[in-house]
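Read through the structure below, which is laid out as C-alpha cells, and then see the notes.
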Amino acid sequence: MSDATLAPAAGKPPKRAVMIYSRYERFWHWSQALLIFILTFSGFGLHGTHGLLPFEVAVNLHTTAALVLIALWAFTTFWHFTTGQWKQYLPQLSGLPAVIRFYAWGILTGAPHPYSKTLRRKQNALQSLAYLLFMVMIGPALWSSGIVYLTYPWWSHWAIGTIGLPAVAFIHTAAAFLMITFVVIHVYMTTTGKTVTHYVKTMITGYDSVELTAAEVAFLEEEKSDLLKK
Amino acid sequence: MLRGVPIRALWALLIAFAFAGPAPAAESAGPAAIAAEKSKAAKTSTADHTKFKALEGPFASGPEVTKACLTCHTEASHQVMQSIHWKWDTISPTTGKRLGKTRTMNSFCGSPLSNEPRCTSCHAGYGWTDARQPPPNEPSNVDCLACHDKTGTYKKIPTDAGHPAYVERKVGDKMVPPPDLAKVARSVGAPGRENCGACHFNGGGGDAVKHGDLDTSLIKPSKELDVHMGVDGQNMTCATCHTFNAHIQSGSRYATRSIDTHGKDLPKDDHDRATCESCHGAEPHKVSKLNDHTDRVACQTCHIPEFARGGVATKTLWDWSTAGKKDANGKPIFIKDDHGHLKYSAEKGDFAYGENVRPAYKWYNGTIEQVNVDDKLDGRIEPNGILTLNRLMGDATDPKARIWPFKEMKGKQPFDPELKTLLVNHVFGKDDSAFWTNFDLPKAIKFGMEYAGLPWSGKIDFIETRMYWPITHMVAPKDKALNCAECHSRDGRLAGITGVYLPGRDHFSWLDLLGYAAFGLTILGIAAHGTARLVMRKKTTGAH
C-alpha cells in the first residue's frame, strides 16, 4: 500500500511516520518475546508435554531465562513509571465494543479500524485491556509462583504434608496455559494491520503512521525531529 | 585425593589405639618363623603382635586364643558381649520392640531356633548351641579372630556353632585344613572387608543371598562397583564408615537413620559415621538444585542406581511351599538355571535371582515394624494376602521420612493358618526331624515349634511375604548417579511414590485438559478467522 491511501480525509489531521516504539521498548518487547519462547519450550518440557530437552537442561534453561525475564520486567516496570508510558495500559472500556465488533466482523468486510493511533494512545481499547491482563495477571502469576517455587528449600520444611507445592505448581501451570493462549492470539493479531507484516515491521523499526495534531507536528519538528521519519 | 589423606591418617591413629597393648618384653624375640611374620598393623601400630609371648602358641581352640588376647586387651570381651554381634538381641529405639536374630523373622531360612550350630556359625563367639538362651557368658567364648584375623585362613566351620576347624574337615566337597591358630593370633589387625564379609556377604546361607548390596564382589571391588571401597580408589573398609566405639558398631538395620541431621562427624565427635551425611554433610552437591532434594530423597536413591552390580546374583524370591520334591528314585531334586544358580532345591524350594537390580522405592522414616516369631499376624496381612515382614514406616507428611531404595525380597513361607503365626522350620540337625535330612515338613515344624516353646495348631499353610532391605552399599561413582528424568518423568522410578508433587511426573489432568483445549480452540478460532479474512478479501478484490 502506498502513502496515497493514507491521504488525509477532509477535516482530519495528516498522518506522519513517527517513531512510536522507542529503542528501549523494542528491545524490551523482542527480548521478552525470546525469553517467553524459551520459557514456554523448556517449561512444557519440564511439565512432560514434550521430551525434546533433557530434564536437567530444561531446568537450567527455564531458571536462567526466568531470572533474566524477571529482571527485565522489573526494569521495564521502572521504565514505564519514569516515562509515564504506564498510562498506555489504562483500560478504556467505552471503546471496547467497537473494537471487538471490528475484529469479529468489520475486518472481514473491509471496514475501517474504529481506532486510530495517536502519540498519546498507541494501543486500541482491546489491546490495552489484553496487555493489562498480561501485565497484572498472567505475568505476576507466573513470576510470583515461579519465585516461590525457586525458593522452595527455604519453606520446604514448613510445607511438608501440605498442598503448598502442588498449589504453586497449579498456579504456575494454569498461568502458563493462559500465557501461550495470549501469545498465539497476540501473534495472530499482528497480521491484522494494513499488510500482514505491517505491525511486525513497526515493532522492528519503531515507526508507524500516526495522526498528529498541528501542535504535535510543530513540537516534533522543532524539538524532536529525530522521531519523525524523513 | 586431598580428602583421602586425613582419613588415612585417622586410620593409622585408630589402628594404633585399637591394638596398642602394654609394651611387650624386649627380649621375647621368639622363633625365626614368628619373626618372619610381619604383621601389617605393626607398621603403624605401637604393638607388634608377632613379638607377644602370649601369642606364641600353640593353641588347641578358639577360646584359648581369646584367653591370650584378653591378657592384654582386658576389656575386649566385656565390650563385645554388649554388642549386637554377640547378643543378637536389641530393643528398637523407635518402636521399643525387642528384636534380634533369634526373635525376628526373615524371608530366608526363617528362624535360627532349632538350627543353631549352623546359624550360630556367624555368631561373634564360640559354642552358642541353644539360641533360646543368651550366648555362653564366658569371656573366652568371644571370637576375636573372626574380625581381626589378617591371614585370611581363619574360617568358622558352617555347622560348628562358631568354631573353626581344629582338624582337617570336609566342608561341602572340599577338605578344609585347620588354621594355624597361633599364626592367626599373631596376624591380628583392624577388620578388613573380608572379615566383615565372611558373615555379612554370605547372609541367608550363601554369597549375595540376603542383602543385594553386600556380596563377595566387595572384597576387592573396583571403584566402579563401590566408589568408597574400590581398591583403585579410596579403598575404604566396612569400618571406615561403620565406626566402632568400644566394639559397638555404628549403623544397624534395626535402628536405621533415614536422615542424619547431625551431619558431618568431626574428630572430636561421637565417632559415629555410618551415614552418608557423616562425611558429606547435608548439602554435598555443587549444583544447588540437587541439594534441594536432600530433605526428601535419601542419597542412596540417586547414587545407587542398581544393586547386585558386582557379578554375583542376589536372591529375589524364595518359595518354601515347593520344597521337598523327590525324583522317581526317592532322591531329592536340585535344578540349576542357565547361570548355574540353583533354581529349585528340594531342601529350600524355588528361587529367583537378580543381577543389576533396580531397587524398589519407598518413603521411610527409619522405623521398621518387624514381625517376631511369636507375633500374631492378625491385622498385619494385607487384603491381597501378603504379609510384609518388615513394614517400613513414614510417608510424605513425615519430616523424618525420605524416599529410600530397597531390595524387595519375595517369599512364601510356612505359617499356622489357625493360630495366625509364622512357623519355625527345623531344617538343620543330626536328628531324624530335620527337614534337610528327612524332607518331612510337618515333622520338622513340630520339632521347631516345640523347640521354640511356641504353640502350633498342627496345621501348615504358606503365606506370601515381602521383606525390604535398605540399599546403602555399592555406591556408584557420581557420573553414574541417576539423571533427573529417571524420576522426573511420567513412568519413572518414583511412579509409585505418593504424597509429593514431582515436576515432570505429576500434572493436574483436568487443568491440562482445560489448558490444551483452550490453546487448541484458540488456534482453531484463529484458523477460521484467518480463512474468513482471506476469503472475504478475495471477494472484495474480485468485486472491484
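Within 10 Å, count the other beta carbons around each residue, average over each peptide in B:203-213, A:78-88, A:195-205, and list them highest first.
Ranking the peptides B:203-213, A:78-88, A:195-205 by packing returns B:203-213, A:195-205, A:78-88.
Nearest 0.05, what FRET efficiency do A:Lys229 and A:His50 give at R0 = 41 Å with Cβ-Cβ as r?
So, using R0 = 41 Å, E works out to roughly 0.40.
So how do A:Glu222, B:Glu116 line up by other beta-carbon neighbours within 10 Å, fewest first?
Fewest-to-most Cβ neighbours within 10 Å comes out as A:Glu222, B:Glu116.
One quarter of the convex hull surface, Cα atoms only: what value does that give for the protein assembly as shown in nm²?
48.6 nm²
By the scheme Lys and Arg +1, Asp and Glu -1, what is the net charge of all other residues having a beta-carbon under 12 Å from that of B:Asn365?
Once all neighbours under 12 Å are counted, the net charge is +3.
Determine the percent antiparallel among the DSSP beta bridges restricted to the range B:378-534, to the nearest 5.
75 percent
Using 0.36 nm times the number of residues separating B:Met175 and B:Leu266, minus their current alpha carbon distance, what extension gain do you get?
Extra length from B:Met175 to B:Leu266 when fully extended: 28.0 nm.
If you take every residue apart from B:Leu317 with its C-beta less than 12 Å away from the C-beta of B:Leu317, what net charge results, scoring Lys and Arg +1 and Asp and Glu -1?
Local charge sum for B:Leu317: +3.
Please compute the modelled spin-label separation between B:Lys539 and A:Met135, points set 7 Å along Cα→Cβ, answer in nm with one decimal.
According to this spin-label approximation, the distance is 3.8 nm.
With n ≥ 4 as the cut-off for DSSP H runs, can you work out [θ] at 222 nm for chain A, using -39500 (n - 2.57) per run divided by the number of residues, rounded to the nearest 500?
The helix contribution divided over chain A gives -19000 deg cm²/dmol.
Can you work out ³J(HN,Hα) from phi for every residue in the range B:319-336, in order, using Karplus 6.51 cos²θ - 1.76 cosθ + 1.60 and θ = phi - 60°, giving whole Hz and x for Gly and Pro?
Each residue's phi maps through the Karplus curve to give 10, 6, 5, 9, 5, x, 6, 10, 7, 4, 8, x, 8, x, 8, 9, 10, 9 Hz.
Residue by residue through the range B:155-167, which ³J(HN,Hα) values in whole Hz follow from phi under the Karplus form 6.51 cos²θ - 1.76 cosθ + 1.60 (θ = phi - 60°), with glycine and proline marked x?
9, 6, 5, x, 10, 10, 6, x, 7, x, 6, 9, 10
Please give, to one decimal in nm, the separation of the simple spin-label points placed at A:Lys201 and B:Thr397, each 7 Å out from Cα toward the Cβ.
6.4 nm
When all C-alpha to C-alpha distances in chain A are sorted into bins of 10 Å, what percent of pairs does each bin hold, rounded to whole numbers?
Binned Cα distances yield the sequence 7, 26, 31, 20, 11, 5, 1, 0.
Just from the alpha-carbon atoms, what are the Rg and Dmax of chain B in angstroms?
According to the Cα coordinates of chain B, Rg and Dmax are 28.9, 126 Å.
What helices in chain A pass both tests, a Cα length along the helix axis of 18 Å or more and a mean Kyte hydropathy of -1.0 or higher, using whole DSSP H runs?
Membrane-span-like by this rule: A:23-47, A:55-83, A:164-189.
Cross-link candidates for B:Lys170: which lysines have Cα within less than 19 Å, leaving aside residues fewer than 8 places away along the same chain?
Once the sequence-local lysines are set aside, what remains near B:Lys170 is B:Lys155, B:Lys156, B:Lys430.
Thinking of the range B:148-275 as a set of Cα atoms, what percent of all their pairs are more than 24 Å apart?
For the range B:148-275, the share of Cα pairs beyond 24 Å comes to 39 percent.
Let me know the whole percent of all Cα-Cα pairs from the range B:300-420 that are separated by more than 23 Å.
Result: 49 percent of Cα pairs exceed 23 Å.
So for chain A, averaging the separation of alpha carbon pairs under 8 Å that are six or more residues apart and normalising by length, what relative contact order in percent results?
After rounding, I find 33 percent.
Can you compute the modelled spin-label distance between A:Trp30 and B:Asn291, with each label point 7 Å from Cα toward Cβ, in nm?
In this crude spin-label approximation the distance works out to 3.9 nm.
Give, in whole angstrom and from largest to smallest, the semi-axes √(5λ) of the equivalent ellipsoid of the range B:426-544, with λ running over the eigenvalues of the Cα gyration tensor.
73, 21, 13
Using the beta-carbon distance between A:Thr192 and A:Val57 and R0 = 45 Å, what value does 1/(1 + (r/R0)^6) give for FRET efficiency, to the nearest 0.05?
0.75
Show that you can apply the helix-only estimate: for chain B, add -39,500 (n - 2.57) for every DSSP H stretch of four or more residues, divide by all residues, and state [θ] at 222 nm to the nearest 500.
-6500 deg cm²/dmol
Kindly provide the Kirkwood hydrodynamic radius of the range A:24-76 in Å, to one decimal, from all pairs of distinct alpha carbon atoms.
11.3 Å
Going down the table (B:Lys343/B:Lys446; B:Lys101/B:Lys410; B:Lys87/B:Lys420; B:Lys210/B:Lys264), which pairs top 23 Å between alpha carbons?
From B:Lys343/B:Lys446; B:Lys101/B:Lys410; B:Lys87/B:Lys420; B:Lys210/B:Lys264, over 23 Å: B:Lys343/B:Lys446; B:Lys87/B:Lys420; B:Lys210/B:Lys264.
Would you mind working out the magnitude of the charge dipole of chain B relative to its Cα centre, with +1 at each Lys and Arg C-beta and -1 at each Asp and Glu C-beta, to the nearest 20 Debye?
1500 debye
Taking amide hydrogens as modeled 1.01 Å from N in the peptide plane, which residues meet the under 5 Å criterion relative to B:Ser258, leaving out close sequence neighbours?
Hits under the 5 Å cutoff: B:Gly366.
How big, on average over all directions, is the shadow cast by the Cα convex hull of the range B:318-371, in nm²?
Spelled out: convex hull of the Cα atoms, projected over all directions, averaged, 6.0 nm².
Which net charge results when you count Lys and Arg as +1 and Asp and Glu as -1 among the other residues whose beta-carbon is under 12 Å from that of A:Thr109?
Local net charge: +4.
Would you mind giving the mean number of other chain beta-carbons within 10 Å of the Cβ of each residue in A:160-166, as a whole number?
Counting other chains' Cβ atoms within 10 Å and averaging over A:160-166 gives 4.
Which angle between 0 and 90 degrees, to the nearest 10, do you get for helix B:509-543 versus the longest principal axis of chain B when only C-alpha atoms count?
Compared with the principal axis, the helix lies near 30 degrees.
Gain in length, A:Glu222 to A:Phe81, computed as 0.36 nm per residue apart minus the alpha-carbon separation, to one decimal in nm?
Full extension from A:Glu222 to A:Phe81 adds 48.2 nm.
Average partner chain C-beta neighbours within 10 Å, per residue of B:389-397?
The mean count of partner-chain Cβ atoms within 10 Å per residue comes to 1.
The numbers here are math on the coordinates, done by the rules we state, and not lab data. Predicted, not measured: the structure shown is a model, and the values here were computed from it. No Cβ is skipped: glycine too gets one built from the backbone with ideal geometry, and neighbour counts run over all protein chains shown.
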